[in-house]
1. Across segment 9-27, what is the total count of residues that are under 18 Å from residue 46 (Cα atoms) and part of a loop (DSSP other than H, G, I, E, B)?
2. Hey, among 31, 91, which residue is modelled with pLDDT of 85 or more, under 18 Å from residue 5 (Cα atoms) and in a helix (DSSP H, G or I)?
3. Residue check: is residue 47 out of contact with any Pro (no Cβ under 8 Å at 6 or more places or on another chain), surrounded by 12 or more Cβ atoms within 10 Å (Cβ to Cβ), of a type in the set (A, V, I, L, M, F, W, C) and free of Cβ contacts under 8 Å to residues at least 24 places away in the same chain?
4. When the residues of segment 63-74 are narrowed to those that are surrounded by 11 or more Cβ atoms within 10 Å (Cβ to Cβ) and assigned to a helix (DSSP H, G or I), which ends up farthest from the chain's Cα centre (by Cα)?
5. Give the residue, chosen from 8, 29, 39, that is hydroxyl-bearing (Ser, Thr, Tyr), surrounded by 13 or more Cβ atoms within 10 Å (Cβ to Cβ) and free of Cβ contacts under 8 Å to residues at least 12 places away in the same chain.
6. What's the total number of residues in segment 34-62 that are in a loop (DSSP other than H, G, I, E, B) and polar (S, T, N, Q)?
7. One residue is enough: does segment 75-92 have a residue meeting the conditions surrounded by 10 or more Cβ atoms within 10 Å (Cβ to Cβ) and either touching a Ser or Thr at 6+ places or on another chain (Cβ under 7 Å) or in contact (Cβ under 8 Å) with a residue 60 or more places away in the chain (or both)?
Amino acid sequence: MNSQLTRSQADRVVAGVAGGIAQRLGVSSTLVRLAWVLSVFFGGFGLLAYLILWIVLPTGTPHIPAARVAEERFARGEITAADLEQIRSDLQAAS
């Protein structure tokens, strides 16, 4: 679980509120989104809460795994296949 509630940059559909709550609670963002939709239909409180959280919550920093960054650099031709494999092996050894 994250220590601070923020809007998600990686898991967002509208503003990242549901994704941020899901990251904070350690649950699936689909469940949080389903809860938002149900709360909108049963009372309308969900829409108001979403708008308030959209305004109040800070934007979180995107968490992009180092392996993904290396793969994107490889796809752009910035590093070689050997470099990519070296990065992958270094990351596996570090974890």
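1. Number satisfying all stated conditions: 5.
2. Values: 91 fails: under 18 Å from residue 5 (Cα atoms).
Being modelled with pLDDT of 85 or more, under 18 Å from residue 5 (Cα atoms) and in a helix (DSSP H, G or I) holds for just one of 31, 91, which is 31.
3. Here the answer is yes, as residue 47 does meet what is asked.
4. My answer is 74.
5. 39
6. Final tally of qualifying residues: 1.
7. No, segment 75-92 has no match at all.
The values are calculated or read from the model by the stated rules, or taken from the named source; none is laboratory data. As the structure is a prediction and not an experimental result, all values here were calculated from the model. Neighbour counts run over all protein chains shown; Cβ positions are idealised from the backbone, glycine included.
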